[in-house]
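The values are calculated or read from the model by the stated rules, or taken from the named source; none is laboratory data. What you see is a predicted model; the values in this text were computed from it and never measured. Here Cβ is always computed from backbone atoms with ideal geometry, including for glycine, and neighbour counts include all displayed protein chains.
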Amino acid sequence: MTTIHRRFALAAGLATVLALAGCGKQETAAPAAASAPPAPSAARVLVVGTDAAYTPFESQNEKGEIVGFDIDIVNAVAKKAGIEVKFVNTPWEGIFNTLDQGDRDFLVSAITITPERRQTMDFSQPYFDARQLIAVRSDASVTRFEDLKTLKVGVQNGTTGDEVVGKLLGKSSANIKRFESTPLALKELEAGGVQAVVADNGVVAHYLANNAGAGFKTVSDAGFATEQYGLAVKKGNAELLARLDKGLAEIKADGSYDRIYASHFGAASK
Ligand code: ARG
């Protein structure tokens with residue numbers, strides 16, 4: 001365990017304690033008031049966890065509001081599905097545990113549907129296609145993923161970027177620097193602490209477009225698999241999953257998905 005990792009695990013633990021104490025179901029649970037009938041499940045505000053350091057998918061604006069493509073998608077889905085949602089910023093590390101603990105009803109966080117994750121949670125139908133993209137300094141001689149083999153590479157801990165880099169360099173390679181967020185990894189690239197970062201294309205491209213001064217370029221590699229993002233629910237929560245899938249199908253059918261896509265990415269979606 002790296003220092004960053006350990007420190008972060010502590011912070012995440014604390015966040016969980018705070019979340020348990022301060023939000024979610026406890027607010028709505030009437031304390032043993034026999035007279036008040038339990039609210040029908042459809043009326044309860046569902047708590048949606050998201051790691052809001054992932055522009056343009058989820059981030060916090062100046063007012064502290066959580067915004068982004070994922071947020072717009074879930075709000076549109078919720079409307080169709082007849083559910084009410086509120087978003088709670090949730091660190092990536094430990095985000096999946098919040099489902100099992102019941103602190104979050106579902107997650108939207110540019111989460112790639114993977115066979116491993118499917119073993120411990122359930123996913124909606126895919127709502128977005130992505131792939132890994134490499135960021136390096138503009139003067140780097142990297143032209144393909146293989147070239148990273150001997151470099152120090154930054155990734156967000158526990159992401160699919162971490163997974164592919166682990167396959168190339170060896171999971172326990174000291175050349176893999178794991179960060180608690182993707183922006184932190186990119187900052188480290190700027191500072192020269194790593195020589196490359198591997199992360200989701202949308203986030204890397206957005207960072208470059210908005211940080212021209214960083215002096216980065218991107219390198220794509222046809223060997224990276226297509227990934228698909230899904231909404232994650234606690235394993236077995238078929239009722240919620242069905243509602244989310246219905247909502248997703250409806251926003252895709254009536255053009256709202258395309259409108260949201262265009263408002264964040266410009267071009268029409270596939
Ligand atoms: N798609 C990648 C994965 O699922 C990275 C997602 C990170 N999301 C975030 N909000 N930090 O592993």
| Positions within region 46-55 being under 11 Å from the mean Cα position of the chain (by Cα) and touching a residue at least 40 places away in the same chain (Cβ under 8 Å), in sequence order | Gly49, Thr50, Asp51, Ala53, Tyr54, Thr55
| field | Among (1) surrounded by 21 or more Cβ atoms within 10 Å (Cβ to Cβ); (2) free of Cβ contacts under 8 Å to residues at least 24 places away in the same chain - the single one Ser173 does not satisfy | value | (1)
| Which of the residues that make up region 156-180 are away from the ligand (no atom under 15 Å from the Cβ) and among the acidic types (Asp, Glu)? | none
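Return yes or no: is Thr218 polar (S, T, N, Q) and within 16 Å of the ligand (Cβ to nearest atom)? Show your work before the answer.
Numbers: polar (S, T, N, Q): yes; within 16 Å of the ligand (Cβ to nearest atom): no.
Spelling it out, it is not the case that Thr218 is polar (S, T, N, Q) and within 16 Å of the ligand (Cβ to nearest atom).
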| message | Taking the criterion of being assigned to a helix (DSSP H, G or I), aromatic (Phe, Trp, Tyr) and at pLDDT 95 or above, would at least one residue in region 198-210 satisfy it? | response | yes
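In the list Val197, Val153, which residue meets the criterion of being touching a residue at least 12 places away in the same chain (Cβ under 8 Å), within 15 Å of the ligand (Cβ to nearest atom) and touching a helix residue (DSSP H, G or I) at 6+ places or on another chain (Cβ under 9 Å)? Don't jump to the end; show me each part of the working.
Details: Val153 fails: within 15 Å of the ligand (Cβ to nearest atom).
Answer to the check: Val197.
Only one residue in Asn89, Asn97 is of a type outside the set (D, E, K, R) and out of contact with any helix residue (DSSP H, G or I) (no Cβ under 8 Å at 6 or more places or on another chain), so which one is that?
Working: Asn97 fails: out of contact with any helix residue (DSSP H, G or I) (no Cβ under 8 Å at 6 or more places or on another chain).
Exactly one residue qualifies, and that residue is Asn89.
Can you list the helices (runs of 4 or more DSSP H) found entirely within region 62-129 that contain at least 1 residues being aliphatic (A, V, I, L, M) and without any contact (Cβ under 8 Å) to a residue 60 or more places away in the chain?
Details: elements: 69-81, 97-101, 115-118.
Those helices (runs of 4 or more DSSP H) span 69-81.
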| message | I'd like to know if region 201-215 contains one or more residues that are free of Cβ contacts under 8 Å to residues at least 60 places away in the same chain, surrounded by fewer than 21 Cβ atoms within 10 Å (Cβ to Cβ) and more than 18 Å from Val136 (Cβ to Cβ). | response | no
| Would you call Ala140 more than 16 Å from Gly49 (Cβ to Cβ), in a loop (DSSP other than H, G, I, E, B), in contact with a Leu (Cβ under 9 Å, 6 or more places away or on another chain) and of a type in the set (A, V, I, L, M, F, W, C)? | yes
| Do you know which of the residues in region 114-150 that are among the polar types (S, T, N, Q) and within 11 Å of the ligand (Cβ to nearest atom) is surrounded by the fewest Cβ atoms within 10 Å (Cβ to Cβ)? | Thr114
| task | Of the numbered conditions (1) under 21 Å from the mean Cα position of the chain (by Cα); (2) surrounded by fewer than 21 Cβ atoms within 10 Å (Cβ to Cβ), Ala196 fails exactly one; give the number of that condition. | result | (2)
